[in-house]
1. If a residue must be touching a helix residue (DSSP H, G or I) at 6+ places or on another chain (Cβ under 8 Å), among the charged types (D, E, K, R) and not in a helix (DSSP H, G or I), how many such residues does the stretch 84-130 contain?
2. Return a yes/no flag: does the stretch 108-120 have any residue that is of a type in the set (Asp, Glu) and either within 14 Å of Asn158 (Cβ to Cβ) or without any contact (Cβ under 8 Å) to a residue 24 or more places away in the chain (or both).
3. Considering the stretch 92-126 alone, what residues qualify as being open to solvent by 60 Å² or more (accessible area, probe 1.4 Å) and acidic (Asp, Glu)?
4. Of the residues Ser138, Ser142, which single one is closer than 13 Å to Asp95 by Cα, among the hydroxyl-bearing types (Ser, Thr, Tyr) and without any contact (Cβ under 8 Å) to a residue 24 or more places away in the chain?
5. Against the definition (touching a Gly at 6+ places or on another chain (Cβ under 6 Å) and over 12 Å from Ile75 (Cα atoms)), how does Ser144 come out, yes or no?
Amino acid sequence: MLLKQDIHVQSCYLEARHQPYNGHETYMRFFLLLRYDMMSKVAVVTLSLLGIACSQSTSSEAKRVSDVQQEALTITASEAYKRWKSNPDKVVILDVRTPSEYQSGHVKGAQNVDFYSNFEQAIQKLPKDKEYYLHCASGRRSASATEIMRRHGFKAYNIGGFGAVAQAGFPTE
């Protein structure tokens, strides 16, 4: 990719894999950015850790986690509604608002897991064979919660705020 006449930038993702004696693999994903200034003949390399995709899991589990992490974090509430409607047994609606917010109105059948109350510990009890559609009041907490769930290998999507979710057609109570 050419940024200016005299600067070339190239980037790529790198994945490191380590397999210790116990047979479990650990994956790490990095982003590498190489900037080469043609005028000064100087190359600047930026390497940043994107996160540990999987720690001490089987290689097939690591691949599943890696595949999940590469999908988009956000889908629209209307797209989520279509997917939920076509396969309701596969989808779990996760309301990450506080219990008082949840009581003021929520999607019928949604599970309430308060983002501010040991969220990371609470999700460890959830099955990983489901798709999770997360929402909060505005979409901010559910975005953070989605990232946390993805790091733990869940197939999770942020679907925004409660208003958009209700407007998309999800039944509320």
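The values are calculated or read from the model by the stated rules, or taken from the named source; none is laboratory data. If you're wondering where the values come from, they're calculated on a predicted model, not measured in any experiment. Please note: Cβ atoms are built from the backbone with ideal geometry, for glycine as well, and neighbour counts cover all protein chains shown. Note: accessible area is taken over every heavy atom of the protein model, side chains too, but ligands, DNA and RNA are not part of it. Shrake-Rupley method; radii C 1.70, N 1.55, O 1.52, S 1.80 Å.
1. Total meeting the criteria: 3.
2. Yes, the stretch 108-120 has at least one match.
3. Glu120
4. Ser138
5. Answer is no for this residue.
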